[in-house]
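Okay, structure first, notes after.
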Amino acid sequence: MKNFFSKLLNLKTQDRDANLDSAKAALEAEMGPRDEVDRKIDALFNLLVDYYGSDKLVIKAGKMDALQYVRSPKRGERVLALQRIINENPTIKEVPKDDELLNILEQLTEQFSDILARRSVEDDLEKKVAERLEENHQDYVKDIKMQILKEEKKNVESPLEQKKREHLEDLEKVSLTQSVMELLRPSSTDEIVGQKRAVDSLLAKLSSPYPQHLILYGPPGVGKTTAARLVLEEAKKRKLSPFTDDAPFIETDGTTLRWDPRDMTNPLLGSVHDPIYQGARRDLADTGIPEPKPGLVTDAHGGILFIDEIGEMDVMLQNKLLKVLEDKRAFFESAYYDPADEKIPPYIKKLFEEGAPADFVLIGATTREASHINPALRSRCAEIYFEPLTPANIQEIVRNAAKKLSADLGDGVAELISEYTIEGRKAINILADAYSLALERNAQQELDQEADVTVSIEKADIYRVAQVSRLSPYVTQKASDRLEVGHIFGLGVAGFLGSVIEIEAIAFEAREKGKGTVRFNETAGSMAKDSVFNAASVVRMITGKDIHDYDIHINVIGGGNIDGPSAGTAILTAILSAITKRPIRQDVAVTGEISLQGRVRPVGGVFEKAYGAKQAGIKTLIIPKENSKDIPKQHLGLDIHPVSTAKEAFDLLLAPEPEKSED
């Protein structure tokens, strides 16, 4: 007799439209009652038919090599068939024994329950996925429709948008005249005053077929930025220059550039807007595609990238900039970039894999000393020093600016302005303020006289500006034609500006020989004190006199700190003058380290120190012989004397010793 499931399966296969319940009842009546094991076996086969369908179940039983056991009259073999089908394992060989059937059926029931539960969860997930896809599809279709509408109705705007646009148009109709700085800014390299050597060097380096990266040093307000911009325009006209007519000049400020380790905001090198960050395009964010945005180095491609105050730039950013200078490309990185993603637009793929072009000439300007710039960056750049402006330069700038303003300058106005500043920009500001005061005064005269009055700027206008702005003379005249015992002018330098240091000394014979004292400014610094001790030894060597036989007081007027040995020769001369009572010329300044053998050793900053001497009215400058190549002859109109020994310096500084009478 065939088993219940076999007959039921055959019936379903032969007659697909038969009523299953009536078929079950008929077969049960034919086969008679069955025990619990038979009912559980039939129930599991019944569930399998419902789950897979009769056709698929027959195919699955065939694959599991269980079809012959499905139709077996032995319960153990039918259970073996269930094990193979439910576990999907055709290698199960052992036929269960009768006393194991109930336990195995319980296990198979639990396993099939897990299968049904998993199927239910999968159906729910598939349903939700389908619903989500449908929603996204609808949103996508909606976006496309809105895009098409925008493209078809480009000029259509909402009332609020129209109101905002009209407000912007009204604002654009309002225009003030150009600022005074724009009006008075040099329009050609010929108008840049006091920087001929620097401008010529800048032009030569940019006009070459192989232009160099540059760093411009110099105090503020001397024309570094203006020179770089104008020199590029000049270089474009040169035949050998690689710059085209449309070569860009991209200007930025190093104080505003900061390194962002996330690469989200890097206006200099470029940044990547990853899909999860605000600012990424919606169409790219929705598909998980990062968007690289090239920076200023790419904007400057084929031209000049000018970074003002490059010495203030973040150190890490300077190192990153070095990499761009080497590669001439800016590369981008993102954890979200997948080169195998076919949805990535070609331009994004190109930027990630090839980088953005960044072949430019870097020009950095700084008011700091060279030691503040990254050494690796300096090694890749030529360096040009802009000179401080002299009073004559300031006066020329003021007169040129007055011509552009169509204003008359009263006697001594340009000279007076040059006393208050050494910056060209500041001089222009003072002149502009005085011009405004003169306009106000002249406007009242026009009302009184009922005629046009020429704008004339007088010294009184400059004094009013100085009072309101709390200005004070930048340099006071210190030099003179007289002789003075124990008083001498040394030279110092801070940044790119030199200055005169006044040193004075006085000596009295000690009350007890050999027990004299030497006093010196505590604020002058350890290097200056070392110079005093060196000078003491040289004095004894030259004159045979021991300074410990004297009470000597040495003073740096103004209490300045001397952070180098360059005041050694000046201190030695002041001490010698105080002891011997030989007066010192007051129109001479000296710089140089003094050695124990009385030699004058080289020092730094000689070029800048000459400027400080000129500002103070000094006529003669004494420098170490080894520094003679650091400064042109007759620089700034100074009488420059290189010396090798202290004695040579004394001959220029000290008045001749009085001749001893024969009596």
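Here is a yes/no grid of residues against (1) outside the structural domain of ARG39 (by TED's automatic domain parsing); (2) farther than 14 Å from LYS40 by Cβ; (3) under 60 Å from the mean Cα position of the chain (by Cα):
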{"position": "ASP65", "(1), (2), (3)": "no, yes, no"}
{"position": "GLU77", "(1), (2), (3)": "no, yes, no"}
{"position": "PRO90", "(1), (2), (3)": "no, yes, no"}
{"position": "GLU100", "(1), (2), (3)": "no, no, no"}
{"position": "LEU108", "(1), (2), (3)": "no, no, no"}
{"position": "ASP123", "(1), (2), (3)": "yes, yes, yes"}
{"position": "LYS127", "(1), (2), (3)": "yes, yes, yes"}
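Answer yes or no: is there a residue in region 447-463 that is of a type outside the set (Asp, Glu), surrounded by 22 or more Cβ atoms within 10 Å (Cβ to Cβ) and in contact (Cβ under 8 Å) with a residue 24 or more places away in the chain. Yes - at least one qualifying residue is present in region 447-463.
Residues in region 345-375 that are hydroxyl-bearing (Ser, Thr, Tyr) and in contact (Cβ under 8 Å) with a residue 24 or more places away in the chain: 2 in all.
For region 356-368, the count of residues that are within 15 Å of the chain's Cα centre (by Cα) and part of a helix (DSSP H, G or I) is zero.
The set of residues from region 349-366 being β-branched (Val, Ile, Thr) and either within 21 Å of PRO242 (Cβ to Cβ) or modelled with pLDDT under 85 (or both) comprises VAL361, ILE363. Here ARG425 clears all of (1) free of Cβ contacts under 8 Å to residues at least 40 places away in the same chain; (2) of a type in the set (Lys, Arg); (3) not assigned by TED's automatic domain parsing to the domain that holds THR226 except the condition numbered (1).
Please verify whether LEU654 is under 21 Å from ILE554 (Cα atoms), touching a helix residue (DSSP H, G or I) at 6+ places or on another chain (Cβ under 9 Å) and surrounded by fewer than 16 Cβ atoms within 10 Å (Cβ to Cβ), treating the condition exactly as stated. No, not satisfied. Looking across region 370-425, the residues that are in a helix (DSSP H, G or I), within 27 Å of the chain's Cα centre (by Cα) and among the charged types (D, E, K, R) come down to ARG378, ARG425. Output the residue which, of all residues in region 50-73 that are assigned to a loop (DSSP other than H, G, I, E, B) and in contact (Cβ under 8 Å) with a residue 24 or more places away in the chain, is surrounded by the fewest Cβ atoms within 10 Å (Cβ to Cβ). Filtering first and then ranking leaves PRO73. When GLY76 is tested against the conditions (1) in a loop (DSSP other than H, G, I, E, B); (2) surrounded by 15 or more Cβ atoms within 10 Å (Cβ to Cβ), the lone failure is (1).
Given the condition in the same structural domain as GLU233 (by TED's automatic domain parsing), outside any helix (DSSP H, G or I) and at pLDDT 90 or above, answer yes or no: does some residue in region 284-291 qualify? No; the residues of region 284-291 include none that is in the same structural domain as GLU233 (by TED's automatic domain parsing), outside any helix (DSSP H, G or I) and at pLDDT 90 or above.
State yes or no: is PRO209 in contact (Cβ under 8 Å) with a residue 24 or more places away in the chain, within 22 Å of ASP359 (Cα to Cα) and not in a helix (DSSP H, G or I)? Spelling it out, PRO209 is indeed in contact (Cβ under 8 Å) with a residue 24 or more places away in the chain, within 22 Å of ASP359 (Cα to Cα) and not in a helix (DSSP H, G or I).
In the condition set (1) in contact (Cβ under 8 Å) with a residue 24 or more places away in the chain; (2) farther than 18 Å from ARG39 by Cβ; (3) among the charged types (D, E, K, R), LYS97 is compliant with all but (1).
Each row is one residue, and each column tells you yes or no for (1) of a type outside the set (Gly, Ala, Ser); (2) within 24 Å of ALA536 (Cβ to Cβ); (3) in contact with a helix residue (DSSP H, G or I) (Cβ under 6 Å, 6 or more places away or on another chain); (4) not assigned by TED's automatic domain parsing to the domain that holds LEU491.
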| residue | (1), (2), (3), (4) |
| --- | --- |
| THR580 | yes, yes, no, no |
| ASP587 | yes, no, no, no |
| ILE594 | yes, yes, yes, no |
| VAL603 | yes, yes, yes, no |
| LYS609 | yes, no, no, no |
| LYS619 | yes, no, no, no |
| LEU636 | yes, no, yes, no |
| ASP639 | yes, no, no, no |
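Which residue out of ALA524, ALA567, ALA574, ALA510 is of a type in the set (Gly, Ala, Ser), modelled with pLDDT of 80 or more and over 27 Å from ILE631 (Cα atoms)? Just a single option satisfies the conditions, and that option is ALA510.
In the set (1) surrounded by fewer than 19 Cβ atoms within 10 Å (Cβ to Cβ); (2) assigned to a loop (DSSP other than H, G, I, E, B), GLU353 fails one condition alone, (2).
Selection of first residues in region 108-133 that are in contact (Cβ under 8 Å) with a residue 60 or more places away in the chain and of second residues that are surrounded by 10 or more Cβ atoms within 10 Å (Cβ to Cβ), restricted to Cβ pairs under 6 Å at least 6 apart or on distinct chains, gives the following pairs, ordered by first then second residue: LEU108/LEU82; LEU108/ILE86; PHE112/ILE86.
Results for (1) surrounded by fewer than 17 Cβ atoms within 10 Å (Cβ to Cβ); (2) among the aromatic types (Phe, Trp, Tyr); (3) outside the structural domain of GLY605 (by TED's automatic domain parsing); (4) out of contact with any Lys or Arg (no Cβ under 8 Å at 6 or more places or on another chain), shown as yes or no for each residue.
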{"residue": "LEU321", "(1), (2), (3), (4)": "no, no, yes, yes"}
{"residue": "ASP327", "(1), (2), (3), (4)": "yes, no, yes, yes"}
{"residue": "GLU333", "(1), (2), (3), (4)": "yes, no, yes, yes"}
{"residue": "ALA358", "(1), (2), (3), (4)": "no, no, yes, no"}
{"residue": "HIS372", "(1), (2), (3), (4)": "yes, no, yes, yes"}
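Number of residues in region 602-625 that are part of a helix (DSSP H, G or I) and either in contact with a Phe, Trp or Tyr (Cβ under 8 Å, 6 or more places away or on another chain) or not aliphatic (A, V, I, L, M) (or both) equals 9.
The values are calculated or read from the model by the stated rules, or taken from the named source; none is laboratory data. Fair warning: this is a prediction, and the values are worked out from it, not measured in the lab. Cβ coordinates were reconstructed from backbone atoms using ideal geometry, including for glycine residues, and neighbour counts include every protein chain displayed.
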